[in-house]
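Novice: Handing you this structure, nothing more for now.
The values are calculated or read from the model by the stated rules, or taken from the named source; none is laboratory data. It should be emphasised that the depicted structure is a prediction, and the values quoted were computed from it without experimental measurement. Quick reminder, even Gly has a Cβ in these numbers, built from the backbone with ideal geometry, and neighbours come from all protein chains shown. Just so you know, the surface numbers come from the protein's heavy atoms only, side chains and all, with ligands and any DNA or RNA stripped out. Shrake-Rupley method; radii C 1.70, N 1.55, O 1.52, S 1.80 Å.
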Amino acid sequence: MIASTRAMKPIGTNQNMDVERVFHMTGGTGDNSYAKNSSYQKKVSDMVKHITMEALQEVYLALAPKSLGIADLGCSSGSNSLSIIKDVVEAVEAASCKIMIPAPEFRVYLNDLPTNDFNSIFKSLPEFYRDLNKERSDGPPLLFIAGYPGSFYGRLFPNDCLHFVHSSYSLHWLSKVPPSLYDKQGKPINKGSVHISESSPPLVSQAYYAQFQEDFSLFLRSRSEELTTGGRMVLIMLGRIGPDHVDRGNSFYWELLSRSLAILATQGEIEKEDIDSYDVHFYAPTKDEMEAEISREGSFELERLEMFETEKELYKVSDNYGTEIAMTVRAIQESMLSHHFGEGILDALFEIYGRMVEEEMLKEEINPITFVVVLRKL
């Protein structure tokens, strides 16, 4: 049993929550930080690195710019933020060597919401530069790294300043909780669930899909202004296989979070109404849904779209799979949950959640779907 947190809990729903102001991965380097609990994202990025670097080399060889503009959208914090930069530099230098021209200067823009822990990235830059420059006989690369806070659902950069855009595990996050999840009186329609579930009325999945369409279209339109013709984007994001929104993949993890919150409500630690008024701003699209928006917006050619079913082994750092999943989800959702329910419930919530994940995995695997999308600016 945990101490009651009701007095500390913010009042109201997350209908009008300012996602840009509140949402962020847990910063720092503590036990609950994203830096300590993002090994899964790193493993998947490494798994598809050949696709990312191939797209980068293609754009570089085609355009051969003297100054290469690169943006990492949703960079978060921790080692993942900078590891992609090292890969980029090495891939472009290899391509330069191949065609026997000097390597370009690199302009790298690290973007995330203003609440992101950019300071932890900046603090790790001296060590990053030292490692990058080790054993280099030809001197360090001309590499300029800058932080660019702001939502990628809208313009971030000047026209035609980018050649390559990378975004890993960010675009499944919507710009806001879909407004249609609340009726005209402001009452929630998705009671008892934090996302689309078997008990959700059809209006819930429709609201999420409409918000995805609006957001993804705006994302593409904004990047089309910022990318030069022939530039590439590599987007890594969670998704789903078919039209059914409820599956034993990404949506099932949200179902388990709903169940965990319900247990806390039965223990009297939170109110049932607080669960009714909490919704995650997450949408896992299908291949067809993404292709439809890319075609409708019209600024990009879809060069490649691959699907990966990620397995349990990708998480395997310790013997307690449930705890690992719980720590990963906590590092991602902690800011939103603590804002709505109060910080005091988090330890108990994720202890329950980790146990539930472990129990469910003994029954049947939970395999989330990841898409890798390569787009060329027309």
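Novice: Kindly report the accessible area of the chain per residue (heavy atoms of protein chains, probe 1.4 Å, no ligands, DNA or RNA), in Å².
Specialist: I get 43 Å² per residue for the chain.
Novice: Restricting to bridges with both residues inside the chain, how much of the DSSP beta-bridge set is antiparallel, in percent to the nearest 5?
Specialist: Looking only at bridges with both residues in the chain, the antiparallel portion is about 45 percent.
Novice: A further question follows. With +1 on the Cβ of every Lys and Arg and -1 on the Cβ of every Asp and Glu, and nothing else charged, how large is the dipole of the chain about its Cα centre, in debye rounded to the nearest 20?
Specialist: Charge dipole, the chain, about its Cα centre: 740 debye, nearest 20.
Novice: Take every Cα pair under 8 Å in the stretch 272-378 that's 6+ residues apart, average their separations, divide by the length, and report that relative contact order as a whole percent.
Specialist: Across the stretch 272-378, relative contact order equals 44 percent.
Novice: Moving on. Calculate the length of the line joining the C-alpha centroid of the stretch 88-162 to that of the stretch 206-244, in whole Å.
Specialist: Using only Cα atoms to place each centre, the spacing works out to 23 Å.
Novice: Quickly estimate the mean residue ellipticity at 222 nm for the chain, helices only: each DSSP H run with n ≥ 4 gives -39500 (n - 2.57), and the total goes over all residues, rounded to 500.
Specialist: That calculation yields -14000 deg cm²/dmol at 222 nm.
Novice: Still on this model: Which residue fluctuates the most in the chain, going by a Gaussian network model with Cα springs under 10 Å, if the choices are Asn367, Asn119, Asn250?
Specialist: Taking springs between Cα atoms under 10 Å, the residue moving most is Asn119.
Novice: Please sort by residue number the trypsin sites (Lys or Arg not before Pro) in the stretch 274-378 whose DSSP state is loop and whose Cβ has at most 14 other Cβ atoms within 10 Å.
Specialist: Lys316
Novice: Give, in nm to one decimal, the length gained when the segment between Leu63 and Lys363 is fully stretched (0.36 nm per residue of separation minus the Cα-Cα distance).
Specialist: 102.8 nm
Novice: What size of dipole, in debye to the nearest 20, comes out for the stretch 213-283 about its Cα centre when the only charges are +1 on Lys and Arg C-beta atoms and -1 on Asp and Glu C-beta atoms?
Specialist: Taking the Cα centre of the stretch 213-283 as origin, the dipole is about 500 debye.
Novice: Once you place label points 7 Å from the Cα toward the Cβ at Ser295 and Gln267, how far apart are they in nm?
Specialist: If labels sit at Ser295 and Gln267, their model points lie 4.9 nm apart.
Novice: In nm, give the distance between the simple-model label positions of Asp46 and Glu351, each being 7 Å from the Cα along the Cα-to-Cβ direction.
Specialist: According to this spin-label approximation, the distance is 3.3 nm.
Novice: Quickly work out the Leu302-to-Arg21 label distance, labels modelled 7 Å from Cα along the C-beta direction, and quote it in nm with one decimal.
Specialist: Each label point is offset 7 Å from its Cα along the Cβ direction, giving 3.7 nm.
Novice: Which of the residue pairs Lys86/Lys176; Lys43/Lys287; Lys66/Lys377; Lys43/Lys363 have a Cα-Cα distance greater than 29 Å in the structure shown?
Specialist: Lys86/Lys176
Novice: Loop-only GluC sites (Glu not before Pro) in the stretch 243-291, please: DSSP not H, G, I, E or B, and at most 14 other Cβ atoms within 10 Å.
Specialist: Sites meeting the loop and neighbour criteria: Glu271.
Novice: Oh, and also: Would you mind calculating the relative contact order of the chain from Cα pairs under 8 angstrom and at least 6 residues apart, reporting the percent as a whole number?
Specialist: Relative contact order comes out at 25 percent.
Novice: Which percent of the accessible area of the chain is formed by carbon and sulfur heavy atoms (probe 1.4 angstrom)?
Specialist: Its accessible area is 52 percent carbon and sulfur atoms.
Novice: Using 0.36 nm per residue, how much length does the chain from Asn119 to Glu343 gain when fully extended, once their Cα-Cα distance is taken away?
Specialist: So the extension gain works out to 78.3 nm.
Novice: Still on this structure, I have one more. In debye, nearest 20: dipole of the stretch 207-359 around its Cα centre with unit charges on the Cβ of K, R (+) and D, E (-)?
Specialist: I would put it at about 280 debye.
Novice: If you take the beta carbon distance between Ala210 and Ile99 as r and set R0 to 41 Å, what does 1/(1 + (r/R0)^6) give as a FRET efficiency, to the nearest 0.05?
Specialist: According to the calculation, E is roughly 0.35.
Novice: FRET efficiency for Glu198 and Lys134, Cβ-Cβ distance as r, R0 = 51 Å, nearest 0.05?
Specialist: So the FRET efficiency works out to roughly 0.45.
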